[in-house]
Amino acid sequence: MLFHVKMTVKLPADMDPAVATKLKADEKELAQRLQREGQWRHLWRIAGHYANYSVFDVPSVEALHDTLMLLPLFPYMEIEIDGLCRHPSSIHTDDR
Ligand SMILES: O=C(O)CC1=CCC(=O)O1
């Protein structure tokens with residue numbers, strides 16, 4: 001199942017910079033592993049915002065929820081999710 005996910009990161013202004021740096025490094029490591037494994041299909045920065053648009057390819061809504069909760073930045077994110085399905089005019093065979 002494909003999901004479009006918008007993540008907006010809101011770190012507290014008074015967060016220790018070293019803690020923020022570690023959280024971002026851990027987030028990057030997990031995000032890159034999930035991309036290599038194919039669960040995190042797209043990751044785009046939203047220009048001008050500390051936010052991203054992502055596309056996840058996971059077996060279920062529960063799997064998406066569990067994956068998002070693993071993200072080190074999850075406690076500091078606002079997350080919006082839209083389920084995706086194939087458009088009848090799409091030419092892409094990997095849309096599911
Ligand atoms: O910077 C972000 O948008 C949050 C994030 C998601 C994956 C990652 O490495 O950072």
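The values are calculated or read from the model by the stated rules, or taken from the named source; none is laboratory data. The shown structure was predicted, so the numbers you read here are calculated from the model rather than taken from an experiment. Because the Cβ atoms are built from the backbone with ideal geometry, glycine has one as well, and the counts that use them run over all protein chains shown. Surface areas here come from the heavy atoms of the whole protein model, side chains and all, with no ligands, DNA or RNA. Shrake-Rupley method; radii C 1.70, N 1.55, O 1.52, S 1.80 Å.
Taking the condition in a helix (DSSP H, G or I) and within 11 Å of the ligand (Cβ to nearest atom), does Leu64 pass? No; evaluated as a whole, the condition is false for this residue.
Within the range 31-45, residues that are within 15 Å of Phe74 (Cβ to Cβ) and at pLDDT 95 or above reach partners that are within 9 Å of the ligand (Cβ to nearest atom) and polar (S, T, N, Q) with beta carbons closer than 7 Å, at six or more positions or on different chains, in the pairs Trp40/Ser54.
Sub-9 Å Cβ pairs linking a first residue in the range 72-96 that is of a type in the set (Gly, Ala, Ser) to a second residue that is part of a loop (DSSP other than H, G, I, E, B), at least 6 apart or interchain, are Gly83/Met1, ordered by first then second residue. Selection over the range 2-41 of residues that are in contact with a strand residue (DSSP E or B) (Cβ under 7 Å, 6 or more places away or on another chain) and not in a strand (DSSP E or B) gives a count of 6. I'd like to know if the range 2-11 contains one or more residues that are open to solvent by 70 Å² or more (accessible area, probe 1.4 Å) and among the hydroxyl-bearing types (Ser, Thr, Tyr). No - not one qualifying residue is present in the range 2-11. The number of residues in the range 56-78 that are buried (at least 16 other Cβ atoms within 10 Å of the Cβ) and touching a Leu at 6+ places or on another chain (Cβ under 8 Å) comes to 9.
For every residue, the table says whether it meets (1) open to solvent by 50 Å² or more (accessible area, probe 1.4 Å); (2) more than 12 Å from the ligand (Cβ to nearest atom).
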| site | (1), (2) |
| --- | --- |
| Asp14 | yes, yes |
| Lys24 | yes, no |
| Lys28 | yes, no |
| Gly38 | no, yes |
| Ile46 | no, no |
| Tyr53 | yes, no |
| Glu80 | yes, yes |
